[in-house]
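Here is the structure we will look at, set down as structure tokens.
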Amino acid sequence: MIHLKGGYLVDPVNRLDGPGDLWIEGEHIVAPPSGRLAAETIDCSGCVVMAGAIDIHSHIGGGSVNTARLLLPEQHPAALWRASDTALSRIGFDVETTGRLYAEMGFTTVVEPAMMPSNGLHAHLELADIPIIDKGALVVLGNEDFLLTLLREKESRSAVRDYVSYMVESTGALGVKVINAGASAAFKANARTFSLDDEVPGHGVTSRQIVLALQQAVDELGIPHPLHIHCNNLGVPGNADTALATMEATSGRAAHFAHVQFYGYGKEGRRGFSSAAARVAEQVNRRKDVTVDVGQIMFGQTVTISSDTLRQFTARNFSRPRKWVISETDFNGSGIVPYRYSSSDFYNVVQWAVGLELFLLIDDPWRVFFTTDHPNGAPFTAYPELFALLMDRQVRSNAIAALPKRALAMTGLASIGREYTLAEIAIMTRAAPARLLGLADRGHLGRGARADIAVYRRREDKAEMFRHAAVTVKGGAIVVRDGTVIARPEGRALVVKPGAGSAISRRMERYYDTTFGLSPRFFHVDAAALGRSDPFLEVACRS
Ligand SMILES: [Zn+2]
């Protein structure tokens, strides 16, 4: 038994915001023992104690991430002697360092949001190699011929539902993501722009129809995490209209909108690029069934990794360094484009401000999530700096003072005085993500919860406070002490099993054999292939 003694507990789920103790036995938080002494007592005085943090959208494994690693060897630790001190080289960008750096910041669960079904096994092998943290993956659907044909032929809702269920179960997914629905298919037919009501050439279905069909299937299957939507027109000036239209279209059922910073743009001003964050935030505030993550950008070198191939094909013209990979398959393909966000670039500064405005203008901390869309907006190691910008008005105004005024004038950031509290940070990084993903066993400090816990030494400098946890506990084991990893247990993959209909699998057999000379069994991620006794942890679906 481990005793965390005399810390300041912040747990909005159990209404804890004050001094208290925690006891851990095995993998769980337990009631105070009567008369029994703990094997280990950790003095937490002067520290804030929260549940382990959960990142709902971070590209940490799977085919595209690996391609990015292969494209950018200069960003690996081994190449540090010749790399400049860029953000990516600091994070190492390899599987081992990914798990360690998350744990050092007190994160214990991370979701990879873009697993191609055809890469399922590869993604799981790679995720399994990331130590310490638990992982989940969202399977990407919405551009494949089989689904588009079901929709064009106006097949029953149950056929679509069975197909979605089949893909989720075979690939070992925690949920479903749709990326620029239909655009990858349209891209292969030479489309270079694609919006909500555009039709996929040769398929006779619109982006809107694909999104709604997937949203309905995910909801009816009882998958806890609602459809995770990457809208059309990412990065395009004026695209706030697209995000707002998609929120309107999906109204009535829960929907999650990914990295909305990249959709917070208007077309005002001489350069035709401005912040529309206030409009997006206003809509989110009104629509209680909408959740968003921000996808904050931070200045520095990064690499964009996206299965929005149509978008990445355009972005390749802005790659820094000048190299890129664009590929396409039946499902979404992938686009790897290195990029450097500059604090003197007009557009990048507006983007930075849009992200912060969204954070500060969305009222309900249960419905807005911390992401940098790692590594698209910035590496996840930028979170502590981001917390500081939101928790401390002075830090924010210092940052603003150093940026070009012409860019900031196109945003409303300077006029916002809000400062996040510790309780809000705990909601946004622990309680709310657990609820959004259906993970009842974590995100709080109640009895019976999984003992995933982060202890931070209280400091004025919030970035310093959250950069290195004093202690991180994962599944009851102390994995970090004084900001350094001392143990690296293996994490598990969180999966849902909505129950697949067998009729669809026979049909898919025929289709994949005839069309590709493959069996759909190649989507199947077999636990035995991962070489672990117990690699999956099942998350219950709503009944
Ligand atoms: Zn993403």
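The values are calculated or read from the model by the stated rules, or taken from the named source; none is laboratory data. All values reported here derive from a predicted model rather than from experimental measurement. Here Cβ is always computed from backbone atoms with ideal geometry, including for glycine, and neighbour counts include all displayed protein chains. Only protein heavy atoms, including side chains, enter the accessible area calculation; ligands, DNA and RNA are left aside. Shrake-Rupley method; radii C 1.70, N 1.55, O 1.52, S 1.80 Å.
Please indicate, with yes or no, whether at least one residue in the stretch 222-239 is open to solvent by 20 Å² or more (accessible area, probe 1.4 Å), touching a residue at least 24 places away in the same chain (Cβ under 8 Å) and touching a Pro at 6+ places or on another chain (Cβ under 9 Å).
no
What number of residues within the stretch 96-140 satisfy the criterion of being surrounded by 23 or more Cβ atoms within 10 Å (Cβ to Cβ), polar (S, T, N, Q) and over 18 Å from Ile54 (Cβ atoms)?
1
Any chance you could count how many residues in the stretch 261-273 are over 20 Å from Ser184 (Cα atoms) and crowded, with 24+ Cβ neighbours inside 10 Å?
Of the residues in the stretch 261-273, 3 are over 20 Å from Ser184 (Cα atoms) and crowded, with 24+ Cβ neighbours inside 10 Å.
Filter the stretch 56-77 down to the residues that are out of contact with any Ser or Thr (no Cβ under 9 Å at 6 or more places or on another chain) and open to solvent by 20 Å² or more (accessible area, probe 1.4 Å), then identify the one that is farthest from the ligand (Cβ to nearest atom).
Checked the stretch 56-77; the qualifying residue farthest from the ligand (Cβ to nearest atom) is Pro73.
I'd like to check something: does the stretch 277-285 contain any residue that is crowded, with 24+ Cβ neighbours inside 10 Å and in a strand (DSSP E or B)?
Within the stretch 277-285, none of the residues are crowded, with 24+ Cβ neighbours inside 10 Å and in a strand (DSSP E or B).
Restricted to the stretch 39-55, and to residues that are small (Gly, Ala, Ser) and more than 28 Å from the chain's Cα centre (by Cα), which residue is nearest to the ligand (Cβ to nearest atom)?
Gly46
Considering only the stretch 305-335, state which residues are free of Cβ contacts under 8 Å to residues at least 40 places away in the same chain, open to solvent by 10 Å² or more (accessible area, probe 1.4 Å) and either among the basic types (Lys, Arg) or within 15 Å of the ligand (Cβ to nearest atom) (or both).
Arg316, Arg320, Arg322
Matching residues to (1) aromatic (Phe, Trp, Tyr); (2) free of Cβ contacts under 8 Å to residues at least 40 places away in the same chain:
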| position | (1), (2) |
| --- | --- |
| Gly448 | no, no |
| Phe466 | yes, no |
| Val473 | no, no |
| Ala477 | no, yes |
| Ala493 | no, no |
| Lys497 | no, no |
| Glu509 | no, yes |
| Thr515 | no, no |
| Pro520 | no, no |
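Would you tally the residues in the stretch 523-542 being in a helix (DSSP H, G or I) and in contact with a helix residue (DSSP H, G or I) (Cβ under 7 Å, 6 or more places away or on another chain)?
Of the residues in the stretch 523-542, 3 are in a helix (DSSP H, G or I) and in contact with a helix residue (DSSP H, G or I) (Cβ under 7 Å, 6 or more places away or on another chain).
Just to be sure I understand, how many residues within the stretch 363-398 are part of a loop (DSSP other than H, G, I, E, B) and either within 27 Å of Arg286 (Cβ to Cβ) or within 15 Å of the ligand (Cβ to nearest atom) (or both)?
So the answer is 12.
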